[in-house]
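So the structure is just underneath, and the comments pick up after that.
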Amino acid sequence: MAWFKKDKKPIQPQADKSRVPEGLWVKCPSCSQIIYNKDLAASLSVCTKCSHHFRLAANDRLKALFDGDWQEYDKGLTSIDPLSFTDTKPYRKRLESSIANTGLQDAVITATGTIQGVRCSMAAMEYGFIGGSMGVVVGEKITRAIERAISERMPVIIVSCSGGARMMEGALSLMQMAKISAALARLDRERLPYVSVLTDPTTGGVTASFAMLGDVNVAEPKALIGFAGPRVIEQTIRQTLPEGFQRSEFLLEHGMLDMVVDRREMKDVIGRFLRFATVRHAAPAQVAVELAHAAATTAGEEPGT
Ligand SMILES: [Zn+2]
């Protein structure tokens, strides 16, 4: 007989349910509805029956939020594997396969464009690239996106979708938390707005730094948001966690978020906030231009008054 026996079964890791499978038809993991692929794309990868939010690629995210075209920056930045790291396979090989699979050089796209007419700097993270993890390149690209916003006086939007810091880059990846937070502090001193959009999942070093620093923190419904994952917490405290723990609605209820917004309404909500925030913080000259424009429009609409 063994001396030690485990009383409880070890907690099984959850299968990754939210990837959109290939093929013409997709089965919703939440309500089992069979959805035609094109219908799903038309509804921004949200189930038309139960509103389950499938995970969205970074490029589709920009398409969903920007009015039209956007200009991408720092497209060619790529990690140089500073630690020559190897776990189950070399980090260099992981990078190569992620670049081949996603067509991106790292786990974030940074771009400028307009949302309902307001020009802004946006960063959207790509979960398909090593779990959307934040390494040196992600940190540098997001920092540059913020600095671009400061120099051109425009708001910042960061859409997080990440497992946290990239452990294959060790302490260098953790330093990105401080670097991005410092850039956001400079943005704040310039009185420019920052909207943080948290999507499923937003965990680890990303939650612990820029994802929670927004002037408004907006999340998609039922997104997993936390520092350590629920499995790690359960194993540490040896208790079953409450229903819906670490999901958007739970966090909203406990004051960690400002809003939970359906993806199909996200653009409207962000656009409304940006118009409100940028008029208030715009330079006096810009306010004058906008007032003149408003006056001209009113005059055009009501001749004779
Ligand atoms: Zn569904």
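Observations, loosely collected:
- Coupling constants for the stretch 48-58 follow from the phi torsions by the Karplus curve (6.51 cos²θ - 1.76 cosθ + 1.60, θ = phi - 60°), and in residue order they are 6, 8, 10, 6, 5, 8, 6, 6, 10, 5, 4 Hz; glycine and proline get x.
- Sequence ranges 91-98, 138-145, ranked by mean other-Cβ count within 10 angstrom, highest first: 138-145, 91-98
- Residues whose amide H lies under 5 Å from that of Gln116, counting only those 5 or more places away or on a different chain, are Asp67; hydrogens are built 1.01 Å from N in the peptide plane.
- Zone residues, the stretch 89-131, relative to Arg275, backbone N less than 16 Å from point 7 Å out along Cα-to-Cβ: 114-120
- Cα-Cα over 18 Å, subset of Lys89/Lys179; Lys89/Lys141; Lys75/Lys141; Lys141/Lys179: Lys89/Lys179; Lys89/Lys141
- Between Gly255, Gly131, Gly204, the GNM of the chain built on Cα springs shorter than 10 angstrom shows Gly255 fluctuating the most.
- Spin-label pair Lys93/Asp188, simplified geometry with 7 Å Cα→Cβ offset, distance in nm: 4.3 nm
- Lysines whose Cα lies under 26 Å from that of Lys6, excluding same-chain neighbours fewer than 8 positions away: none
- Leu241-Arg119 FRET efficiency (beta carbon distance; Förster radius 41 Å; 0.05 resolution): 0.45
- When +1 charges are put on Lys and Arg Cβ atoms and -1 charges on Asp and Glu Cβ atoms, the dipole computed for the stretch 41-174 relative to its Cα centre reaches about 260 debye.
- Placing +1 on the Cβ of every Lys and Arg and -1 on the Cβ of every Asp and Glu, with nothing else charged, gives the chain a dipole about its Cα centre of roughly 1000 debye.
- Positive end of the dipole of the stretch 1-127 (Cβ unit charges, origin at the Cα centre): among Gly103, Cys28, Leu44, the Cα lying farthest that way belongs to Cys28.
- Basic side chains Lys and Arg get +1 at the Cβ, acidic Asp and Glu get -1 at the Cβ, and with that the dipole of the stretch 1-120 about its Cα centre reaches some 740 debye.
Rule-based calculations on the coordinates, nothing more; no lab input. Being a predicted model, the structure only gives us computed values, none of them experimental. Here the Cβ is made from the backbone with ideal geometry for all residues, glycine too, and neighbour counts use every protein chain on show.
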